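The values are calculated or read from the model by the stated rules, or taken from the named source; none is laboratory data. Since we're looking at a predicted model, the values are computed, not measured. Here Cβ is always computed from backbone atoms with ideal geometry, including for glycine, and neighbour counts include all displayed protein chains. Calculation scope for accessible area: heavy atoms of the full protein, side chains included, ligands and nucleic acids excluded. Shrake-Rupley method; radii C 1.70, N 1.55, O 1.52, S 1.80 Å.
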Amino acid sequence: MIAVPTRTESTSAPPDTASQAKDAVTARDVYKRFGTVHALRGLSLSVPAGATYGLLGPNGAGKTTLIRAMVGLIRPDAGAVQVLGVPMPDRAILSQVGYMPQAPALYEDLSVRQNVAFFAAMAGVYAAAAVDAAVALVDLSERAHSPVRTLSGGMRQRTSLACATVHRPRLLILDEPTVGIDPQLRVQFWEHFRRLNAQGVTIVVSSHVMDEAERCDRLGFIQAGRLLAEGDAAELRARAGTDTLEEAFLHFAEV
Ligand SMILES: Nc1ncnc2c1ncn2[C@@H]1O[C@H](COP(=O)(O)OP(=O)(O)OP(=O)(O)O)[C@@H](O)[C@H]1O
Ligand SMILES: [Mg+2]
């Protein structure tokens with residue numbers, strides 16, 4: 001069972017002016033091209049502070065590219081991304097951001113605990129208790145000293161989540177965090193996300209899975225590098241005049 005400590009145990013920075021921003025993330029007219037591929041074509045969206053925001057779209061829609069722009073791993077060709085009130089890229093704000101990439105980026109020869117400690121140190125957190133707590137939260141205490149190369153896929157995902165949350169970020173960005181994990185762990189991940197969210201953490205999560213989308217406060221439908229529609233699940237279904245989010249997506253894709 002994944003548990004979450006209370007916010008009072010947080011090691012993250014005290015609120016600053018950036019925390020006053022109404023939107024945790026804004027993307028404005030973002031363009032990004034890779035050679036002849038136009039990954040983002042003038043995409044704009046905003047993630048309200050405190051929300052769980054779902055980025056939904058098919059393979060190649062541009063979700064990962066947008067997320068990479070949010071964490072400053074790529075620089076848009078045009079347009080701008082702001083995170084917690086700060087124009088990206090900006091290294092300093094990353095201490096308040098947690099990022100779980102689509103493919104776990106872990107050190108295979110290091111143990112679970114060593115990986116989490118490394119990511120904690122990168123964010124300026126050196127407390128052993130914080131590392132142990134993050135490992136415990138994803139239910140990996142018994143495997144804390146196992147090298148990552150000996151873990152199952154789901155355990156790697158858990159380790160990656162621990163790395164993304166160990167420094168108690170105010171904004172958590174998760175790129176398809178539940179792909180390839182079993183239904184029980186998927187439910188546990190979502191319970192974990194919702195509890196973090198209840199503590200005030202803003203969450204951006206990309207997914208193809210529509211039942212996960214139902215759990216988000218707000219959704220952005222993305223296709224071919226553009227935002228097709230934005231709203232909560234009920235609102236998007238109502239606007240499309242459909243019973244399901246899949247049908248709503250197809251409706252907006254055709255308009
Ligand atoms: N580094 C790169 N070099 C070349 N092309 C890239 C690069 N990164 C992304 N692309 C291209 O940009 C487009 C958008 O890719 P992106 O990874 O953002 O999609 P996605 O929505 O995350 O898809 P998926 O659901 O499969 O993860 C694709 O056509 C992809 O091939
Ligand atoms: Mg992707």
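The table below lists the values:
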| item | result |
| --- | --- |
| Complete set of residues in segment 124-181 that are within 16 Å of ligand 2 (Cβ to nearest atom) and of a type in the set (Asp, Glu) | 175, 176 |
| Scan of segment 60-116 for residues that are part of a loop (DSSP other than H, G, I, E, B), within 16 Å of ligand 2 (Cβ to nearest atom), touching a residue at least 24 places away in the same chain (Cβ under 8 Å) and closer than 27 Å to residue 136 by Cβ, ordered by number | 71, 101, 102, 104, 105 |
| Residue in segment 200-222 that is touching a residue at least 40 places away in the same chain (Cβ under 8 Å), of a type outside the set (Ser, Thr, Tyr), touching a His at 6+ places or on another chain (Cβ under 9 Å) and within 24 Å of residue 28 (Cα to Cα) present | no |
| Residue match in segment 103-112 (condition: within 16 Å of ligand 1 (Cβ to nearest atom) and of a type in the set (Ser, Thr, Tyr)) | no |
| Hits in segment 231-255 (condition: of a type outside the set (Ser, Thr, Tyr), open to solvent by less than 40 Å² (accessible area, probe 1.4 Å) and outside any helix (DSSP H, G or I)) | 231 |
| Test for residue 136: is it surrounded by 13 or more Cβ atoms within 10 Å (Cβ to Cβ), farther than 15 Å from residue 172 by Cα and either touching a helix residue (DSSP H, G or I) at 6+ places or on another chain (Cβ under 6 Å) or polar (S, T, N, Q) (or both) | no |
| Condition check for residue 201: open to solvent by less than 40 Å² (accessible area, probe 1.4 Å), within 13 Å of ligand 1 (Cβ to nearest atom) and either touching a helix residue (DSSP H, G or I) at 6+ places or on another chain (Cβ under 7 Å) or at pLDDT 95 or above (or both) | no |
| Test: residue in segment 18-35 that is modelled with pLDDT under 50 and under 25 Å from residue 125 (Cβ atoms) | yes |
| Near pairs, Cβ below 6 angstrom, 6+ apart or cross-chain, from segment 38-53 (open to solvent by 40 Å² or more (accessible area, probe 1.4 Å)) to any residue that is not in a strand (DSSP E or B) | 38/225; 41/225 |
